[in-house]
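Peer 1: My structure is below; once you've seen it, I'll send some questions.
The values are calculated or read from the model by the stated rules, or taken from the named source; none is laboratory data. Source: prediction; values computed, not measured. Note: ideal-geometry Cβ built from the backbone for every residue, glycine included; neighbour counts use all protein chains shown.
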Amino acid sequence: MLPTGYLAQPLWGFSDDKGRIFEFHRVYHDTALVRERIFAVGERRDRDLSYWLMTWTATGDTSDEFPVSQWLTYAEARKLLGPHLSFTQFSSQLHSWLPALLHLQNRLTQE
């Protein structure tokens, strides 16, 4: 869940050979600006809350399939990889190491 007043917009994505779907979402904060008695609504991008979403299909005990998802924000990725990770690197289609990073983040949050 995003904080009140924040919106997410999917920007791009890809799928891998394991059937997982990856989507990058930019997050914006709605802001109301008042300038010279003119009311304007603008949006401001929040890089720290922008995130990758990974979805896949899992099978339960009864062999029923159900969707599963996991996400990773830019702020979380910088905690895992260090402050040298740029937003451009994070938001690009990181085919090779994005699944591993999502898996690592999931393991650390379960500990």
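Peer 1: Take the residues of the range 61-98 that are in contact with a Ser or Thr (Cβ under 6 Å, 6 or more places away or on another chain) and within 19 Å of residue 9 (Cβ to Cβ): which is modelled with the highest pLDDT?
Peer 2: Among them, the one singled out is 74.
Peer 1: Among the residues of the range 1-23, how many are part of a strand (DSSP E or B) and of a type in the set (Gly, Ala, Ser)? Break it down stepwise before answering.
Peer 2: Residues of the range 1-23 that are part of a strand (DSSP E or B), as a first pass: 6-15, 21-23.
Of the ones still in play, those that are also of a type in the set (Gly, Ala, Ser) are 8, 13, 15.
The number of residues fulfilling the criteria is 3.
Peer 1: Identify all residues within the range 50-60 that are part of a loop (DSSP other than H, G, I, E, B) and closer than 17 Å to residue 9 by Cβ; write none if there are none.
Peer 2: 50
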